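Remarks on the structure that follows.
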Amino acid sequence: MSGPWTKYQKAETGPWERYAQTAEPPQEKGLGQTIWENLVGDDDPTTQNLGEKVGSFLNKAGESMTMGVIGDEASAAVESLMPGVNYEDRRDHYRQQERQFETDHQYAALAADIGGGMVAPLGALGAVGKGAGWLKRAAASGGATGLMSGVYGFAEGEGGVDERIESGIVNGMYGAGTGALIPLVGVGLQKAMNAGATSKALKAAVQTAPSTDELRAAGRAAYQAVDDAGVSIKPEAARGLLDSLTDGMRANGLDEGASALNLTPNSKRLSEIMGEAVPGDDAVPFGILDQLRRKAGVPASNPANKLDQRLGTQVIEGLDDFVNDIPASAVAGGNADELPELVGTAREIWSKMSRSQMIDDAIDASQNYVTGEASGLRNQFARILKNPKLSRGFSDAEKKLMRRVVNGSLPERLVHLAGGGLGQIAAIGSGFGAAGPFGALLGAGGGAMARKASEKIAAKNAEVVRAVVANGGLLELPVAQSQIPVIAERLLRQGSAAGLN
């Protein structure tokens, strides 16, 4: 009788079941056979024991390290020396085992390729010194990759010597072409890492930079410390110093003639001021010498007159040498030993303040541009860069950051273009052409958003410049110190050579 429970009932067994044949249980392997198969292998093409895994790993590493000289073919060649062992069969077996190993253990296979490539005798070929030109790097990398590809092609080729030579030549030619392009990867990686290092350094500068007002207060305090030292110079020592500096200017081309065509007007006026600086026999406060140094900055900062500039710089250097090593016989009072450090600190802080103030002034002036703040910032920073007198105190790295305000990166230039007057007009016109008045309204909104984005980018770049200057300047942009690009190029050369086979 059947019912819903029927499907849960077991079928009845008949009397014949006792006579049915049953499969024999698998025979367990002995300990010795298990150890042997794990150490050596069992020749089953679908499985891999420990010994076969280790062998496949070593074969892959050996091929990567020796460009195919050691690996499946070498192992098969050694085994074929034994009677009854066929070379092709063993070679195909090892190649199948490597493919199985790559499928079952991808990371271990990758480690074998990379590890072998890193210790390859020819793996470092193609590397050149820092600063090498693109053509030199491309030639070195192409030659190295071509050589390795040729060795791989010969070692992995089929047939006799002639066929292997042909395979090596063909692979070498392809490898040389591929290898010549590999330095582009290294250059790209290095640029990306440099950009990361620069971004990190600039972010830290912005977070810790003092304001211009804070620098001004610090500079005044530093100069007050100089005054508090109370150092004064004996009049005869001060007069002797200034006379010596004036004589040096005359010897190097100072023109003191009354002619209207005076060649060194600023230096001439400086020499007159120095001649009047010590009128009597009273001790000369150090502040007088520091004031003279500032006045010497007028001819020294005049790039339009090279002779004037050279003479002013000469006076500055002479005064600095005197301050840094004041003879005890020249001191009338105060602690002269502290003076060089105090003066150096005061001048450094005041210099940072002056440059920071210049950037602040440029940022403030940009607010008055009808064409927008971004346009104003670009114009103001371009004015500083074009004026040798204004840009004189900035380092090359700082000028590079200022050019970033003016030009921006490629994405930033696109935003500036879209946010500019012509960009906004184009957005409105294209919107009107596509959807009439409503499209023009959308275009105007998009142009306004682009303008805001442009102003934000320019303001951020300007603040980065001010922060770097206020933090003490930057002589050069940070460079990522890493071997990653070099290693990447090396592995690419090795991988390209192997991949052609």
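The values are calculated or read from the model by the stated rules, or taken from the named source; none is laboratory data. Given the structure is predicted, the values throughout are model-derived calculations rather than measurements. Backbone-built Cβ (ideal geometry, glycine too); neighbour counts: all protein chains shown. Accessible surface areas use protein heavy atoms only, side chains included; no ligands, DNA or RNA. Shrake-Rupley method; radii C 1.70, N 1.55, O 1.52, S 1.80 Å.
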Note to self: Conditions first: (1) open to solvent by 30 Å² or more (accessible area, probe 1.4 Å); (2) over 23 Å from Lys389 (Cα atoms); (3) touching a residue at least 12 places away in the same chain (Cβ under 8 Å); (4) outside any loop (DSSP other than H, G, I, E, B). Met274 passes all but one, so which condition is the exception?
What the structure shows: (1)
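Conditions tested, residue by residue: (1) in contact with a Gly (Cβ under 7 Å, 6 or more places away or on another chain); (2) part of a helix (DSSP H, G or I); (3) without any contact (Cβ under 8 Å) to a residue 12 or more places away in the chain; (4) at negative phi.
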{"position": "Arg347", "(1), (2), (3), (4)": "no, yes, yes, yes"}
{"position": "Met353", "(1), (2), (3), (4)": "yes, yes, no, yes"}
{"position": "Met358", "(1), (2), (3), (4)": "no, yes, no, yes"}
{"position": "Ala374", "(1), (2), (3), (4)": "yes, yes, no, yes"}
{"position": "Leu385", "(1), (2), (3), (4)": "no, yes, no, yes"}
{"position": "Gly393", "(1), (2), (3), (4)": "no, no, no, yes"}
Notebook entry, point to check: When Ser199 is evaluated against the numbered criteria (1) open to solvent by 60 Å² or more (accessible area, probe 1.4 Å); (2) of a type in the set (Ser, Thr, Tyr); (3) over 45 Å from the mean Cα position of the chain (by Cα), which criterion, by number, is the only one it fails?
Noted result: (3)
Check: Taking region 129-145 only, how many residues are of a type outside the set (Gly, Ala, Ser), open to solvent by 50 Å² or more (accessible area, probe 1.4 Å) and modelled with pLDDT under 75?
Finding: 2
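Given the structure, is Asp360 open to solvent by 30 Å² or more (accessible area, probe 1.4 Å) and modelled with pLDDT of 85 or more?
yes
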Next item on the list: Among the residues of region 221-257, write down those that are without any contact (Cβ under 8 Å) to a residue 40 or more places away in the chain, among the acidic types (Asp, Glu) and either in a helix (DSSP H, G or I) or touching a Phe, Trp or Tyr at 6+ places or on another chain (Cβ under 9 Å) (or both).
Entry: Asp228, Glu236, Asp243, Asp247
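Kindly indicate whether any position in region 304-319 is of a type in the set (Gly, Ala, Ser), modelled with pLDDT of 90 or more, in a helix (DSSP H, G or I) and closer than 24 Å to Ala346 by Cα. Before you say what the answer is, go through the steps one by one.
Step one: of region 304-319, the residues of a type in the set (Gly, Ala, Ser) are 304, 312, 318.
With modelled with pLDDT of 90 or more added as a condition, the list becomes 312, 318.
Going one step further and asking which of them are in a helix (DSSP H, G or I), we end up with 312, 318.
Still in the running and closer than 24 Å to Ala346 by Cα: 312, 318.
Yes; the residues of region 304-319 include at least one that is of a type in the set (Gly, Ala, Ser), modelled with pLDDT of 90 or more, in a helix (DSSP H, G or I) and closer than 24 Å to Ala346 by Cα.
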Checklist line | Number of the exception - Gly186 against (1) more than 48 Å from the chain's Cα centre (by Cα); (2) buried (at least 18 other Cβ atoms within 10 Å of the Cβ); (3) modelled with pLDDT under 85 | finding: (1)
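Are any residues in region 334-349 hydrophobic (A, V, I, L, M, F, W, C), more than 31 Å from the chain's Cα centre (by Cα) and closer than 16 Å to Gly472 by Cβ, and if so, which ones? Even if it seems obvious, please write down each step before you answer.
First, pick out the residues of region 334-349 that are hydrophobic (A, V, I, L, M, F, W, C): 336, 339, 342-343, 346, 349.
Okay, now just the ones that are also more than 31 Å from the chain's Cα centre (by Cα), so 336, 339, 342-343, 346.
Across region 334-349, the qualifying residue is only Ala346.
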Check: When both residues are 6+ apart or on different chains and their Cβ atoms are under 6 Å apart, which pairs have a first residue that lies in region 479-492 and is under 19 Å from Gly175 (Cβ atoms), and a second that is crowded, with 17+ Cβ neighbours inside 10 Å?
Finding: Ala488/Leu189; Glu489/Ile182; Glu489/Gly186; Arg490/Gly123; Leu491/Gly117; Leu492/Ile182
